[in-house]
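Right, one structure below, let's go through it.
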Amino acid sequence: MKYLDQLKRTNTIPNVIQEITSIFKGFEDDDYIPAIIEEGNFTADQGEDFYLKLVLKHQSIEIDGTWLKDNMEFHLEEPTKYDNTMDNSAFIHNVITYRKYKSRNLYQLNPLLVSDEINEYEYSNSNYVNAFCNDEYSNMQGLPVLKSNNDLKLLILKKIFNNFINDPKSNIYPKFELVAEFEYRTHSDHIKKTKSDIYKSSDAYIKIDRGESSVFVLGSIKVPLYKSNSKRKNRNIQVLDLKDLKPRMHNSSHYNGDTIEGFICFKSEVINILKEYYYFYDLQMVDQSNIENSYLVDVLRDKIVFWEAEYNKLPTSIKDKIDPFNFIPEDKKGIISEAMSSMQLEADWNWDKKLSPEYLLANLIRERAFNRAIDISLTFLEPKHKEDLKDFILKIEALTSIRLERFNTGADDVRQLISIRQGGTLEEPVDLKLLYQKYCYAIQMEYKK
């Protein structure tokens with residue numbers, strides 16, 4: 001009863017207004033603010049309760065009453081006049097409305113506020129619509145639009161309002177304001193009586209109804225919104241500019257490889273992070289959770305290289321993990337592979353011919369059996385241990401039906417590969433990378449027949 005206890009200690013209307021606005025100031029550094037608060041239990045004889053909901057009101061409309069919108073009300077309206085008085089309810093919207101689903105009322109974000117950044121998923125709870133907001137380039141689930149916790153009935157993601165609430169002095173539209181509408185019912189008459197039980201200012205309208213043994217306080221109060229920053233920021237990493245290969249700071253504003261393109265290099269150990277989230281094929285990595293998300297990447301012997309535009313498309317959570325591995329190579333020659341240069345800078349139709357053996361096979365599989373390959377989690381990364389190579393061989397054989405026994409079993413390389421596949425021991429040290437590349441080349445030659 002956190003907020004109800006605070007209201008019980010107020011004794012003036014200005015104190016009530018201060019308590020309501022302080023609720024939202026308390027969420028200044030959070031991604032969410034309260035959308036609905038329900039506390040307490042009021043009966044005709046005893047108890048008290050507190051209810052609060054949010055509405056969006058256009059800045060041009062004054063608060064000249066309270067409960068500007070009925071609870072959960074949602075419908076399209078026309079601005080109309082009654083007795084020469086304008087009804088402005090068409091420019092006031094409940095933030096939360098109801099959705100009828102299988103004879104149940106689910107809380108939902110008002111459909112008028114839904115944008116292309118919001119996607120719904122299967123309804124996995126019985127209280128609110130399972131919607132998520134993603135304002136990043138990659139197709140990903142994002143953050144839940146609505147959620148609840150033990151203390152609050154319903155919380156809403158603040159960035160939902162970023163497109164609606166703008167500085168009155170700016171030339172950015174639309175210009176709405178956030179208003180908290182509340183009702184506080186109690187049997188304790190602790191709020192001082194004044195000449196009028198109606199308080200009105202440019203930011204609030206409070207009405208007090210006093211009965212024989214009860215007091216109802218209703219109000220509509222403008223509340224602050226400390227916006228979540230939706231603008232993409234330049235990150236604290238260094239980029240090698242495409243024109244002169246000189247280091248510069250990151251530019252987050254482009255996604256299409258235009259004239260300000262550059263290279264972002266990471267130390268090789270970053271692959272241990274990326275492989276947890278992506279499959280690697282020829283010159284791209286594919287999101288394990290959503291194969292529609294793919295990114296050009298060059299996996300080289302001593303580094304991992306992204307084009308700046310491709311790096312910008314990565315989810316923020318991934319950037320946060322890999323940014324500490326950013327570096328500027330001492331040797332600026334050979335920043336990207338011959339195949340990547342051929343594809344992206346020379347527009348060579350035969351760029352794939354310049355791929356290394358493992359990526360030649362990856363390219364062929366991506367063209368012929370990509371979905372099946374993803375189903376078995378096939379990825380093309382240099383094996384660090386015999387177990388890695390064994391796993392790779394078993395997946396290739398399952399996908400292509402090309403078993404090692406099809407080749408010359410008397411050859412040393414084939415015998416070693418069979419031993420690795422069977423989990424046996426090797427009689428002599430083996431260069432796993434070379435053996436891996438030889439195997440990929442042989443499979444690729446056989447598979448493309």
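Some notes on this structure:
- Every pair of residues 6+ apart whose Cβ atoms lie under 6 Å, when the first sits in segment 292-303 and is open to solvent by 40 Å² or more (accessible area, probe 1.4 Å) and of a type in the set (D, E, K, R) while the second is modelled with pLDDT under 95 and in a loop (DSSP other than H, G, I, E, B): GLU292/ASN139
- Criterion violated by ILE264 - all others in (1) in a loop (DSSP other than H, G, I, E, B); (2) touching a residue at least 12 places away in the same chain (Cβ under 8 Å) satisfied: (1)
- Within segment 375-404, residues that are under 24 Å from GLU269 (Cβ atoms) sit with their Cβ atoms under 7 Å from residues that are assigned to a helix (DSSP H, G or I) and of a type in the set (Val, Ile, Thr), at 6+ positions apart or across chains, in these pairs: LEU381/ILE271; LYS386/ILE420; LEU389/ILE420; LYS390/ILE420.
- Residue in segment 344-365 that is without any contact (Cβ under 8 Å) to a residue 40 or more places away in the chain, among the small types (Gly, Ala, Ser) and open to solvent by 30 Å² or more (accessible area, probe 1.4 Å) present: yes
- Output for segment 27-47, where each listed residue is open to solvent by 50 Å² or more (accessible area, probe 1.4 Å) and in a strand (DSSP E or B): GLU38, ASN41
- The sole residue among ILE374, ILE328, ILE365 that is on the phi < 0 side of the Ramachandran plot and in contact with a helix residue (DSSP H, G or I) (Cβ under 9 Å, 6 or more places away or on another chain) is ILE365.
- Verdict on LYS333 being without any contact (Cβ under 8 Å) to a residue 12 or more places away in the chain and either surrounded by fewer than 19 Cβ atoms within 10 Å (Cβ to Cβ) or within 18 Å of the chain's Cα centre (by Cα) (or both): yes
- Flag for LYS233 being open to solvent by 60 Å² or more (accessible area, probe 1.4 Å) and basic (Lys, Arg): yes
- Of all residues in segment 340-363, those being in a helix (DSSP H, G or I) and within 33 Å of the chain's Cα centre (by Cα) number 7.
- Which numbered condition LEU300 misses (of (1) under 19 Å from LEU245 (Cα atoms); (2) within 24 Å of the chain's Cα centre (by Cα); (3) not polar (S, T, N, Q)): (2)
- Where a residue in segment 167-181 is open to solvent by 20 Å² or more (accessible area, probe 1.4 Å) and its partner, wherever it lies, is aliphatic (A, V, I, L, M), with Cβ under 6 Å and at least six apart: PHE176/LEU56; PHE176/ILE165
- ILE271 vs. criteria open to solvent by 10 Å² or more (accessible area, probe 1.4 Å) and in a helix (DSSP H, G or I): yes
- In segment 310-330, residue surrounded by the fewest Cβ atoms within 10 Å (Cβ to Cβ) [restricted to those that are in contact with a Leu (Cβ under 9 Å, 6 or more places away or on another chain) and hydrophobic (A, V, I, L, M, F, W, C)]: ILE328
- Count of residues meeting criterion [closer than 19 Å to ILE36 by Cα and polar (S, T, N, Q)] in segment 187-227: 1
- Search result, residues across segment 413-446 that are open to solvent by 80 Å² or more (accessible area, probe 1.4 Å) and among the charged types (D, E, K, R): ARG415, GLU427, GLU428, ASP431, LYS438
- Of the criteria (1) under 32 Å from the mean Cα position of the chain (by Cα); (2) crowded, with 21+ Cβ neighbours inside 10 Å, which one ILE374 fails: (2)
- Matching residues in segment 115-154 - criterion: being among the charged types (D, E, K, R), open to solvent by 60 Å² or more (accessible area, probe 1.4 Å) and within 11 Å of the chain's Cα centre (by Cα): GLU117
The values are calculated or read from the model by the stated rules, or taken from the named source; none is laboratory data. Please read all numbers here as calculations on a predicted model, not as lab measurements. Using ideal geometry, Cβ is built from the backbone for each residue, glycine included, and neighbour counts are taken over all protein chains shown. Each accessible area value is taken on the protein alone, full model and side chains, heavy atoms only, with ligands, DNA and RNA left out. Shrake-Rupley method; radii C 1.70, N 1.55, O 1.52, S 1.80 Å.
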